[in-house]
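Encoded as structure tokens, the structure appears first; notes follow it.
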Amino acid sequence: MSAVIVVHGGAWAIPDELAKASVDGVKAAACEGFAVLKGGGSALDAVEAAVRTLEDNTVFNAGHGAALNSEGEVELDAIIMDGRTLASGAVSSVKNIANPVSLARAVMEKTSHAMLTSRGANLFAESIGVVTVPADTLVTEYEREEWEKHKNYVTGVMEDFNSQWAHDTVGAVAVDSAGNVACATSTGGIRNKMVGRVGDSPVIGCGGYADNLSGAVSCTGHGESILKVTLARLILSHIEQGKSAEDSSQASLQYMGDRVHGAGGAIVVCPSGRWAATFTTERMAWAAVDQDVLWYGLNPDERFKEQLSK
Ligand code: GLY
């Protein structure tokens with residue numbers, strides 16, 4: 001079967017000034033992840049590579065460029081999950097790790113736990129030789145200026161982004177040529193969040209889930225809403241009932257809107273290779289590579305394609 005990767009750079013009211021860089025960034029990350037799959041790498045390797053690319057790109061709210069909390073600090077969350085075994089690893093509230101997705105993978109592979117937080121995550125990182133960076137090096141000038149402008153959690157984001165919840169996150173889902181699926185999600189959370197606030201992204205079944213029996217999902221959007229409806233798992237439960245990836249995502253996001261007034265987005269891939277990128281926010285930067293065709297979009301109902309060289 002042919003391998004597929006889908007990535008997102010966050011569902012929110014992406015301002016025009018970030019639109020092109022966001023689309024370019026997700027296209028580059030999808031190509032990076034697809035190169036891993038094409039080289040015989042696993043779905044797990046591909047989603048980690050794609051999310052690392054997004055974490056390194058300062059346009060996205062993850063790793064470098066992450067949103068700042070109420071004290072002006074970075075606190076990062078990430079998850080990775082392997083659909084073969086249902087093994088998962090996550091980190092939350094880490095401050096000085098440039099690529100939290102790789103630390104999450106180490107939690108999955110090198111500990112008997114599913115999530116490490118804050119100081120414990122750092123102690124673990126140190127014990128396995130993961131390089132830490134000064135936390136300030138993850139803060140961009142753009143984010144510092146936005147943070148200064150919007151010290152109020154709710155009114156600030158409404159004014160600037162014309163959206164109840166300004167947020168974004170990055171993520172990737174993939175199926176490899178052996179039919180194994182995986183997901184990864186990484187975020188700085190919501191600007192001006194309380195110190196220690198953890199959103200949906202590192203929580204299994206909420207920010208992501210992967211199961212070879214149904215598919216892999218990575219979510220983005222208002223974390224507290226996603227947590228209430230366990231969005232990733234909800235989407236897969238629709239797939240298990242026989243719905244398509246697209247219909248399952250749409251029904252679940254609609255449910256989240258109706259039930260808890262939350263907006264967001266999701267990317268999904270099934271073991272069959274069928275995939276979807278769906279959102280209820282104004283925009284979501286997404287890209288997918290399927291059979292050497294690069295698909296991408298930003299606005300609702302938008303789907304562009306480019307043929308990649310074989
Ligand atoms: N969806 C990311 C967050 O709310 O933290």
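The values are calculated or read from the model by the stated rules, or taken from the named source; none is laboratory data. Fair warning: this is a prediction, and the values are worked out from it, not measured in the lab. We place every Cβ from the backbone using ideal geometry, glycine too, and count neighbours over all the protein chains shown. For accessibility, only protein heavy atoms count, side chains too; no ligands or nucleic acids. Shrake-Rupley method; radii C 1.70, N 1.55, O 1.52, S 1.80 Å.
Scalar couplings 3J(HN,Hα) for region 75-90, obtained by applying the Karplus form with A = 6.51, B = -1.76, C = 1.60 to θ = phi - 60°, are 9, 9, 10, 7, 9, 9, 8, 10, x, 5, 10, 6, 6, 9, x, 8 Hz; x denotes Gly and Pro. Counting only heavy atoms of the protein chains, get the accessible area per residue of the chain (1.4 Å probe) and round it to a whole Å² value. Per-residue accessible area for the chain comes out at 39 Å². With every protein chain in place and a 1.4 angstrom probe, the accessible-area ranking of 108, 256, largest first, reads 108, 256.
Projecting the Cα atoms of 67, 22, 85 onto the charge dipole of region 1-96 (Cβ charges, centred on the Cα centre) puts 85 farthest toward the positive pole.
On the chain, 50 percent of the accessible area sits on carbon and sulfur atoms, based on a 1.4 Å probe. Of the whole protein surface, residue 142 contributes about 80 Å² of accessible area at a 1.4 Å probe radius. The largest accessible area among 310, 193 belongs to the first residue in 310, 193, and the rest follow in falling order (1.4 Å probe, all chains). The separation of region 51-66 from region 277-310, counted between C-alpha centres, amounts to 19 Å.
Ordered from largest to smallest accessible area (heavy atoms of protein chains, 1.4 Å probe), the residues 274, 84 come out as 274, 84. Ligands, DNA and RNA excluded, the heavy atoms of residue 243 present near 80 Å² of accessible surface to a 1.4 Å solvent probe. Placing unit charges on the Cβ atoms only, positive for Lys and Arg and negative for Asp and Glu, gives the chain a dipole magnitude near 640 debye about its Cα centre.
When you filter the GluC sites (Glu not before Pro) in region 57-142 for DSSP loop state and at most 14 other Cβ atoms inside 10 Å of their Cβ, you are left with 71.
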